[in-house]
Amino acid sequence: MIKLEHVKKDFIVNGIYTHALKDINAEIKEGELIAIIGTSGSGKSTLLHILGGMENMTSGRYYFNGTDISAYSPSEMHLFRKENISFIFQNFALMNKYTVYENVEMPLIARKIKNRKKIIMEKLEQMGIAEMKDKLPLQMSGGQQQRCAIARALVTNTPVILADEPTGALDTNTSKDILECFKAINKDGKTIIIVTHDMKVANNCDRIIQIEDGLIEDRK
Amino acid sequence: MILNFAFDFLSKNIRKSLLSVFLIVVSTLVIMLSVILSENRDEVYETIDTLLVCGVEQTVELDINYGDDMGLEQLKEMQLKISEFLDDVSEEAEINCIGSYSTGGYLPIPELYEIQKKGGATFDEYLNMTSIHKNAADMFKIEITSGTHPSEMKFESDKDYLYLGSGYKDFINPGTEYDVNGYKFKVAGILDESQIFFDDNFTFGISATSYSVTHDMKYEILCFSDYHTSRFLLCANEGYNINQAIEKLYSVAEKYDMEDYILYTTLNDKYEMANQEWLFIKNILYKLITIVCISCILMLICTHILDLLSQMRNYGIMYANGFSVSDICKIITIKNIAVSVFAFLISIIICLLAVNLVFKGYEDMSDVFNRIIVNIAIPLSLAVIVLITVFITLFSIVILRKLSPLRMIGGQND
Ligand SMILES: Nc1ncnc2c1ncn2[C@@H]1O[C@H](COP(=O)(O)OP(=O)(O)OP(=O)(O)O)[C@@H](O)[C@H]1O
Ligand SMILES: [Mg+2]
């Protein structure tokens, strides 16, 4: 489903180059549940952003279902994301002046989906934050915000879900719940890629991609 | 849906929205003020120009001043001489007419005074009349609804001829004659409702309030008589310019040994002179206005940029969650238009209210100002607002189009 060939990503800040990704080659099949692990600063988030079409790569090829999308224009990329990708950001990226309910509703509005209430409440209940639907993100704990962000990613029914540290702010029990939840969705045929520090989470996935200093390390 | 988001963003950032509204209101009002200040001058010129049959360009104001250290006999002699001189002057081909006019209290005619009281009489028991020399019958644009027009009237020297304002028309008929202590008056006609006339000693005023160089004639009276004051207007004939007329005037005056008594200023010069003083004030005003206006517009742009930056994260979240950049641009456009329209309406209301409050009781003036506001001030400030709105909106759109959702959200760290 997804194929990366010689993907490179450089950041230039004040004339200083950071080679975040050096030469990434990877293949991900439909329906896989994949964990990306690596030390801090190794390039995990950057890789996930490129997979999600949130960021351009410096060079390399990205095939999605056989189509080369590396040279897509911003608007083509937008349509690609809208159809295929749900993204859970490391910092949740919730709109602070909107309630939990409104935050989760947003992707549905953007896709002009009707009968939103039922879908939203279902996901909120699944994440255990249904009774907080009228709270603002900043009135909730980090874990609750994270669950809100996950609920928002799950409402849209896209084939690929990308999650950057989805269990980072959660205790072990809740982490387990979330993981179970991901596994359940994965069983429905969705491709899920999770960036994580937590080896317990990683070991529960179908496959682990370890990335070190911008390169994929072979796992022994 | 997009509308909802636009108004949501506005109401969730109410302070910033109100600041934008405030800035637009201030700059619009300032623009309107400057238009009123500059347009007002031309209104004065035009009013006078239309009231004078020959127009401002062809008219000169004369001061015939023969000194006050004269005995009664000498004075009478002098006045006779001036009369002859004036008759002589008006015969010349270069000169259309010459004559004086003045306003003051005249002999009481109770019947007319009762009617004038309704319009607010100026004097006790005496009629307020504008007296025009018979020679100047063709000088002013006078419209009548009944009676004989002054330019067609055969004036007899033993009477004065009265033209009454439209307020008298139901009570007095043309042809009515009065005899007050041996002075004879005849009502020669009734003036049209639209008739206006110069205020006493009109000058081109400097401030907006001295705009009022004319007044309506509803309860006023024009009196054509043989009476001269020392202030005259002289109009050049068609085909001659005003300088030729003045030259002729002086050559006739030489014959009467009077050239030293006559001082003249063309109305055009007077207008320019008043304008000079006015220009000085206007310059300062315009500088102030420009400063206020530019700082408002700059602040407005800054507020919008700040707003764009502070909303960038939200826009990015929307972008990452399926809204397209053009959806987001629509939201920004609607937002900006809503703020501008709202602010613009407030400005118009404030401006109209202010003019009508300040000039309460001066119907003419508030009419003129309302016309200036509607015809010039509103379109001009509308154009400015539209320009600013378009600029700000385009600016936002250009910036948004360049950014990825990740950049908009501000990277992964807030
Ligand atoms: N927007 C950016 N501009 C400049 N450098 C960046 C940017 N984003 C990431 N980097 C750099 O790229 C490298 C990889 O960053 P990345 O965020 O992918 O790490 P990570 O593996 O997700 O780390 P963490 O586990 O802390 O989230 C780092 O050296 C980082 O400093
Ligand atoms: Mg990261």
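When B and A come together, around 2300 square angstrom of accessible surface is lost from both chains combined, probe 1.4 Å.
A Förster distance of 51 Å, applied to the separation of the beta-carbon atoms of A:Lys118 and A:Ile16, puts the FRET efficiency at 0.50. Against chain B, whose longest principal axis is taken from its Cα atoms, helix B:325-358 shows a tilt of about 30°.
Going by average Cβ neighbours within 10 Å, how do the peptides A:137-148, B:150-161 rank, with the highest at the top?
A:137-148, B:150-161
Modelled label positions at B:Leu308 and B:Leu353, each set 7 Å beyond Cα in the direction of Cβ, lie 3.4 nm from each other. Per residue, chain B exposes 49 Å² of accessible surface when a 1.4 Å probe is rolled over the protein heavy atoms with every protein chain present. Placing unit charges on the Cβ atoms of the charged side chains and taking the dipole of the protein assembly as shown about its Cα centre, the candidate lying farthest along the positive direction among B:Ile281, B:Ser194, A:Gln146 is A:Gln146.
Remind me, what semi-axes does chain B give for its equivalent ellipsoid, largest first in whole Å, using sqrt of 5 times each Cα gyration tensor eigenvalue? The partial results should precede the final answer.
Numbers: eigenvalues 832, 116, 50 Å².
Taking √(5λ) for each eigenvalue gives 65, 24, 16 Å, largest first.
Straight-distance candidates among the lysines for linking to A:Lys133, with alpha-carbon spacing under 20 Å and chain neighbours fewer than 8 residues away dropped: A:Lys97, A:Lys114, A:Lys117, A:Lys118, A:Lys123, B:Lys12. Taken residue by residue and averaged, Cβ atoms of other chains lying within 10 Å of the Cβ of A:45-51 number 2. For chain B, B:Cys97, B:Cys223, B:Cys293, B:Cys296, B:Cys302, B:Cys329, B:Cys351 stand unpaired, since no other cysteine beta carbon lies under 4.7 Å from theirs.
A Gaussian network model of chain A, with springs between Cα atoms under 10 Å, assigns the largest mean-square fluctuation among A:Gly189, A:Gly43, A:Gly66 to A:Gly66. As a fraction of the 1.4 Å probe accessible area of the protein assembly as shown, surface on carbon and sulfur atoms comes out at 54 percent.
Modelled this way, with points 7 Å down the Cα-to-C-beta line, the labels at A:Leu215 and B:Asn283 are 7.6 nm from one another.
Provide Rg over Rh for the stretch B:67-257; use the alpha carbon set for both Rg and the Kirkwood Rh (inverse mean inverse pair distance). Display every interim value, and only then the final one.
On the way: Rg = 17.7 Å, Rh = 18.0 Å.
The Rg/Rh ratio comes out at 0.98.
Within the protein assembly as shown, antiparallel bridges make up roughly 65 percent of the DSSP beta bridges whose residues both belong there. Take B:Met408: with every protein chain present and a 1.4 Å probe, its accessible area is about 10 Å². Per-residue 3J(HN,Hα) values for the stretch B:243-258, derived from phi via the Karplus relation 6.51 cos²θ - 1.76 cosθ + 1.60 with θ = phi - 60°, read 5, 4, 4, 5, 4, 4, 3, 5, 5, 5, 4, 4, 4, 8, 6, 10 Hz in sequence order (x marks Gly and Pro).
Computed from Cα positions, the angle between helix B:363-372 and the longest principal axis of chain B comes to roughly 40 degrees. Within the protein assembly as shown, the percentage of alpha carbon pairs spaced more than 43 angstrom apart rounds to 52%.
Straightening the chain between B:Asn375 and B:Lys76 buys 102.2 nm, computed as 0.36 nm per residue apart minus the Cα-Cα spacing. Could you give P(r) for the stretch A:115-213, binned at 10 Å from zero, as whole percent values over all Cα-Cα pairs? All Cα pairs, binned at 10 Å, distribute as 14, 48, 31, 7, 0 percent. A simple spin-label model places the labels of B:Glu91 and A:Lys97 8.7 nm from each other, with each point 7 Å out along Cα-to-Cβ.
Distances between placed amide hydrogens fall under 5 Å for B:Asp160 paired with B:Lys184, B:Phe185, B:Lys186, all partners being 5 or more residues away or on another chain.
Computed from the Cα positions only, the extents of the stretch A:175-220 along the three principal axes stand at 32, 21, 18 Å, in decreasing order. Given the C-alpha centroids of the stretch A:113-153 and the stretch B:11-57, what is the distance between them in whole angstrom? If we compute the Cα centre of each part, the gap is 54 Å. Estimated from the Cβ-Cβ distance and a Förster radius of 51 angstrom, the FRET efficiency linking B:Thr145 and B:Phe7 is about 0.30. Legend: calculated FRET efficiency, B:Leu394 to A:Glu83, from the Cβ-Cβ distance at R0 = 45 Å, rounded to 0.05, equals 0.95. Each peptide in B:172-178, B:70-76 was scored by the mean count of other Cβ atoms within 10 Å over its residues; highest first, the order is B:172-178, B:70-76. Heavy-atom accessible area for B:Leu33, with the other protein chains in place and a 1.4 Å probe, reaches approximately 90 Å². Within the straight-line cut-off of under 18 Å between alpha carbons, the lysines reachable from B:Lys270 are B:Lys282, sequence neighbours fewer than 8 places apart in one chain being disregarded. Comparing the full protein assembly with the isolated chain, the residues of the stretch A:71-95 losing at least 40 square angstrom of accessible surface (1.4 Å probe) are A:His78, A:Arg81, A:Phe89, A:Asn91, A:Ala93, A:Met95. Angle of helix B:14-51 to the longest C-alpha principal axis of chain B, folded into 0 to 90 degrees and rounded to 10: 20°.
The values are calculated or read from the model by the stated rules, or taken from the named source; none is laboratory data. Because the structure is a prediction, the values reported are computed rather than measured. Positions of Cβ are generated from backbone atoms using ideal geometry, with glycine treated the same way; all protein chains shown enter the neighbour counts. The accessibility values were calculated without ligands, DNA or RNA, using every heavy atom of the protein model including side chains. Shrake-Rupley method; radii C 1.70, N 1.55, O 1.52, S 1.80 Å.
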